1. Is it fair to say residue 180 is surrounded by 24 or more Cβ atoms within 10 Å (Cβ to Cβ), at pLDDT 85 or above and in contact with a His (Cβ under 9 Å, 6 or more places away or on another chain)?
2. Among the residues of the stretch 196-206, what is the count of those that are buried (at least 21 other Cβ atoms within 10 Å of the Cβ) and either out of contact with any Asp or Glu (no Cβ under 9 Å at 6 or more places or on another chain) or not in a helix (DSSP H, G or I) (or both)?
3. Could you give me the residue pairs with C-beta distances under 6 Å whose first residue belongs to the stretch 139-164 and is modelled with pLDDT of 80 or more, whose second residue is among the polar types (S, T, N, Q) and outside any helix (DSSP H, G or I) wherever it lies, and which are 6+ apart or on separate chains?
4. Can you find even one residue in the stretch 232-244 that is out of contact with any Leu (no Cβ under 7 Å at 6 or more places or on another chain), in contact (Cβ under 8 Å) with a residue 12 or more places away in the chain and of a type in the set (Val, Ile, Thr)?
5. Among the residues of the stretch 128-170, write down those that are more than 19 Å from residue 186 (Cβ to Cβ), of a type in the set (A, V, I, L, M) and in contact with a Ser or Thr (Cβ under 6 Å, 6 or more places away or on another chain).
6. With respect to residue 137, is the statement that it is hydroxyl-bearing (Ser, Thr, Tyr) and either surrounded by fewer than 21 Cβ atoms within 10 Å (Cβ to Cβ) or within 15 Å of residue 43 (Cα to Cα) (or both) true?
7. For residues that are in contact with a Gly (Cβ under 7 Å, 6 or more places away or on another chain) and of a type in the set (Phe, Trp, Tyr), scanning just the stretch 15-61, find the one that is surrounded by the most Cβ atoms within 10 Å (Cβ to Cβ).
Amino acid sequence: MESLLYSFLAGSSTAIGAVVLLFFGPPGKKTMAVLLGFAGGIMLALSVFELMPEAVELGSMTTVIVGFLIGCGMMFGVDQILPHAHMSESDHLEIENPEKFPQGEASVLRTGYLIFFGIALHNVPEGLAIGAGLEASPELGMYIAIAIALHNVPEGLAVAGPLRAGGMPGGKVVLFTLGAGLMTVLGTGIGLLIFNISPLLVSGSLAFAAGAMVYIVNDELIPQANSMNSHFANAGLIVGLLLGFIIL
């Protein structure tokens, strides 16, 4: 139950992004740069300083390398197959695989639905990461959940923006955004079913979580943060990395 609670709290943070957008508009570039950089620093620290060493202790170097590469590969595959979008600047969305999105003003709402679907499925591996961390220790699971929660706030903005622009009522936008985030809980639930089979599988799962998070940081968080303000992004990344090192 603890792992499901952590994943629920991490996933529900997407709704924060929707609420911020509805009441205050998109946040400034410097604020977003710091937030994304900080989340990236925390996730890198968790992956390098805790997940990977713990995975080696429970399994073998081969298991860790294979698990890490599978984690990276899964996130790459999800990015290639599913439509995805994120806040690259404070005033508009950057859409990956734009050919997957319909064109024209009348299709803005449909575009929002596609972004919702893509981000929802992106959140499943993040839930697996929380579950894998909790198998190692409650503290590690909590830290991963906090890092993912920080990452999910900008994703909430990415989901809410086109849905609201397409005419969806504010309350429904929040519910849709929350639903996308709560796919994290599904990922954690899947993890609970498979992680207890053997220590070797837990080792591979920890390495998988590390690979998935490193891919997210390098593919999404750092480029987004630098596109807004590289100095503030670096400050956030450094603080997040050092804080992660201290608390771990």
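The values are calculated or read from the model by the stated rules, or taken from the named source; none is laboratory data. Keep in mind the model is a prediction, meaning the values are calculated, not measured. Cβ: placed from backbone, ideal geometry, glycine included. Neighbour counts: every protein chain shown.
1. Values: surrounded by 24 or more Cβ atoms within 10 Å (Cβ to Cβ): yes; at pLDDT 85 or above: yes; in contact with a His (Cβ under 9 Å, 6 or more places away or on another chain): yes.
Yes; evaluated as a whole, the condition is true for this residue.
2. Residues in the stretch 196-206 being buried (at least 21 other Cβ atoms within 10 Å of the Cβ) and either out of contact with any Asp or Glu (no Cβ under 9 Å at 6 or more places or on another chain) or not in a helix (DSSP H, G or I) (or both): 1 in total.
3. 149/13; 152/13; 153/13
4. yes
5. Result: 153, 160.
6. yes
7. Restricting to residues being in contact with a Gly (Cβ under 7 Å, 6 or more places away or on another chain) and of a type in the set (Phe, Trp, Tyr), the top hit is 38.
Okay, residues lined up against (1) modelled with pLDDT of 80 or more; (2) in a helix (DSSP H, G or I); (3) among the β-branched types (Val, Ile, Thr):
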{"residue": "26", "(1), (2), (3)": "no, no, no"}
{"residue": "33", "(1), (2), (3)": "yes, yes, no"}
{"residue": "43", "(1), (2), (3)": "yes, yes, no"}
{"residue": "46", "(1), (2), (3)": "yes, yes, no"}
{"residue": "51", "(1), (2), (3)": "yes, yes, no"}
{"residue": "56", "(1), (2), (3)": "yes, yes, yes"}
{"residue": "66", "(1), (2), (3)": "yes, yes, yes"}
{"residue": "70", "(1), (2), (3)": "yes, yes, yes"}
{"residue": "78", "(1), (2), (3)": "no, yes, yes"}
